[in-house]
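Contents: one structure, followed by commentary.
The values are calculated or read from the model by the stated rules, or taken from the named source; none is laboratory data. All values derive from a computational prediction rather than experimental measurement. Cβ atoms come from the backbone with ideal geometry, glycine included; neighbour counts cover every protein chain shown. What goes into the accessible areas is simple: the full protein's heavy atoms, side chains included, and nothing from ligands, DNA or RNA. Shrake-Rupley method; radii C 1.70, N 1.55, O 1.52, S 1.80 Å.
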Amino acid sequence: QELSWSYFGGTGPDHWGPICTNGKYQSPIDIIPEDTIKVDLGSLKFMRYDYAYEGKLLNNGHTVQITLSGVPLLLSGGGLSSTYQLEQMHFHWGAEHTIDDHRDALELHLVHFEKKYGNVSTAAHYKNGVVVIAVLFRLADEDNKDLDAIIEATDLVGAHWVGPSITKIGHKIIPQLLLPKDKTSFYRYEGSLTTPECHETVTWFIFTEKLTISVDQWSVFQRLESPHGPLSFNYRPTQPINGRKIYHHLL
Ligand code: SG4
Ligand code: ZN
């Protein structure tokens with residue numbers, strides 16, 4: 001089974017299509033903290049992120065993606081003018097957003113859609129339709145216990161590629177534990193999805209506090225099978241800022 005786009009070669013980022021190539025508000029970007037605009041955007045409000053949920057994990061050939069079952073998890077605040085609902089979480093190994101050109105080991109994306117649109121694929125066609133929360137992970141000596149169940153499930157769906165593969169995550173997931181403790185410091189800017197079609201309808205929030213992952217845990221992601229063999233990295237190169245304002249919310 002072939003996928004229409006990838007992170008390498010003839011189906012790689014240079015061949016992703018019109019919006020990806022010609023857009024002026026693309027993501028990810030390199031964030032230069034010194035150039036950010038310090039403002040009070042109001043705090044982000046995470047509703048029901050502190051409960052334990054059953055989760056499934058999917059290897060779609062581009063990433064591993066987690067969906068949770070049960071009541072909707074909601075996000076507001078941070079200067080947003082409406083309420084957004086969590087659809088899925090996924091990882092990029094090799095972080096997508098860099099800080100002062102430094103690339104961390106891993107980036108978690110929590111993808112939300114504006115409630116009135118019902119899902120991300122519809123919301124992605126409308127201004128302010130999508131909000132992605134990004135969490136950066138740096139390498140550390142110790143395992144991150146809060147990633148254990150996800151790593152275990154990733155190992156299960158990582159085997160020989162015969163098409164997308166899904167598994168139930170062995171332990172319940174508490175999404176709050178995948179967010180940094182300090183939620184009062186984050187960057188915000190207007191950008192795009194980081195994969196085709198690269199729709200420019202995404203408000204990005206990137207926490208400044210990083211979490212950690214061990215090399216052993218990280219290598220499980222890098223072994224994930226895709227149609228092109230092991231998916232050793234899955235980040236898009238950083239894109240031009242083109243005069244966009246990058247805000248830094250500080251309490
Ligand atoms: C990953 O490829 C996800 O698997 C996609 O989700 C997601 O697309 C895509 O990344 C872009 O999202 O936060 N990196 S990102 O900008 O959520 C969408 C699915 O394919 C539309 C469901
Ligand atoms: Zn992503």
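The condition of being more than 27 Å from GLN26 (Cα to Cα) and in contact with a strand residue (DSSP E or B) (Cβ under 6 Å, 6 or more places away or on another chain) holds for only one of ILE173, ILE206, ILE150, that being ILE173.
Scanning the range 17-38 for residues that are modelled with pLDDT of 95 or more and either of a type in the set (Asp, Glu) or farther than 21 Å from THR98 by Cα (or both) yields PRO18, ILE19, ASN22, ASP30, GLU34, ASP35.
For the range 76-87, indicate whether the set of residues that are under 24 Å from ARG138 (Cβ atoms) and charged (D, E, K, R) is non-empty. No: zero hits. Of the residues making up the range 129-152, those that are over 23 Å from THR184 (Cβ atoms) and open to solvent by less than 80 Å² (accessible area, probe 1.4 Å) number 9.
Among the residues of the range 4-34 satisfying the criterion of being loosely packed, with under 12 Cβ neighbours inside 10 Å and either more than 21 Å from the chain's Cα centre (by Cα) or not acidic (Asp, Glu) (or both), which is farthest from HIS199 (Cα to Cα)? Talk me through it step by step, then tell me what you get.
Let us first name the residues in the range 4-34 that are loosely packed, with under 12 Cβ neighbours inside 10 Å, namely 4, 9-10, 14, 18, 22, 34.
In the following step, the residues that additionally are either more than 21 Å from the chain's Cα centre (by Cα) or not acidic (Asp, Glu) (or both) were identified as 4, 9-10, 18, 22, 34.
Values: SER4: 17, GLY9: 22, GLY10: 21, PRO18: 10, ASN22: 11, GLU34: 28 Å.
It comes out as GLU34.
Per-residue answers, yes or no, for (1) under 28 Å from HIS125 (Cα atoms); (2) part of a strand (DSSP E or B):
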residue: PRO180; (1), (2): no, no
residue: THR184; (1), (2): no, no
residue: TYR187; (1), (2): yes, yes
residue: PRO196; (1), (2): yes, no
residue: HIS199; (1), (2): yes, no
residue: THR212; (1), (2): no, yes
residue: SER219; (1), (2): no, no
residue: PHE233; (1), (2): yes, no
residue: PRO237; (1), (2): yes, no
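What number of residues in the range 212-251 are more than 15 Å from ligand 2 (Cβ to nearest atom) and in contact with a Pro (Cβ under 6 Å, 6 or more places away or on another chain)? So the count comes out to 1.
All conditions but one from (1) touching a residue at least 40 places away in the same chain (Cβ under 8 Å); (2) assigned to a loop (DSSP other than H, G, I, E, B) apply to TRP204; the one that does not is (2). List pairs: first residue in the range 71-83 and closer than 14 Å to ALA123 by Cβ, second residue charged (D, E, K, R) anywhere in the structure, Cβ distance under 6 angstrom, at least six positions apart or on different chains. If the second residue must be charged (D, E, K, R), the pairs left are SER82/GLU114; THR83/LYS115. Kindly evaluate GLY170 against the criterion of being open to solvent by 20 Å² or more (accessible area, probe 1.4 Å), more than 27 Å from ALA149 (Cα to Cα) and of a type outside the set (Phe, Trp, Tyr). Spelling it out, it is not the case that GLY170 is open to solvent by 20 Å² or more (accessible area, probe 1.4 Å), more than 27 Å from ALA149 (Cα to Cα) and of a type outside the set (Phe, Trp, Tyr). Looking at this structure, is GLU96 closer than 15 Å to TRP204 by Cβ, within 14 Å of ligand 2 (Cβ to nearest atom), among the charged types (D, E, K, R) and modelled with pLDDT of 95 or more? Yes; evaluated as a whole, the condition is true for this residue.
On the basis of being open to solvent by less than 30 Å² (accessible area, probe 1.4 Å), within 16 Å of ligand 2 (Cβ to nearest atom) and either under 17 Å from the mean Cα position of the chain (by Cα) or more than 21 Å from ASP216 (Cα to Cα) (or both), does LEU193 make the cut? Please lay out each step first, then the result.
Details: open to solvent by less than 30 Å² (accessible area, probe 1.4 Å): no; within 16 Å of ligand 2 (Cβ to nearest atom): yes; either under 17 Å from the mean Cα position of the chain (by Cα) or more than 21 Å from ASP216 (Cα to Cα) (or both): yes.
Answer is no for this residue.
What number of residues within the range 221-231 satisfy the criterion of being assigned to a loop (DSSP other than H, G, I, E, B) and buried (at least 16 other Cβ atoms within 10 Å of the Cβ)?
Of all residues in the range 221-231, those assigned to a loop (DSSP other than H, G, I, E, B) come to 223-224, 227-228, 231.
Now restrict to residues that are buried (at least 16 other Cβ atoms within 10 Å of the Cβ): 224, 228, 231.
The total comes to 3.
Annotation note: of TYR53, TYR84, the sole residue that is within 15 Å of ligand 1 (Cβ to nearest atom) and either surrounded by fewer than 22 Cβ atoms within 10 Å (Cβ to Cβ) or over 24 Å from ALA149 (Cα atoms) (or both) is TYR84.
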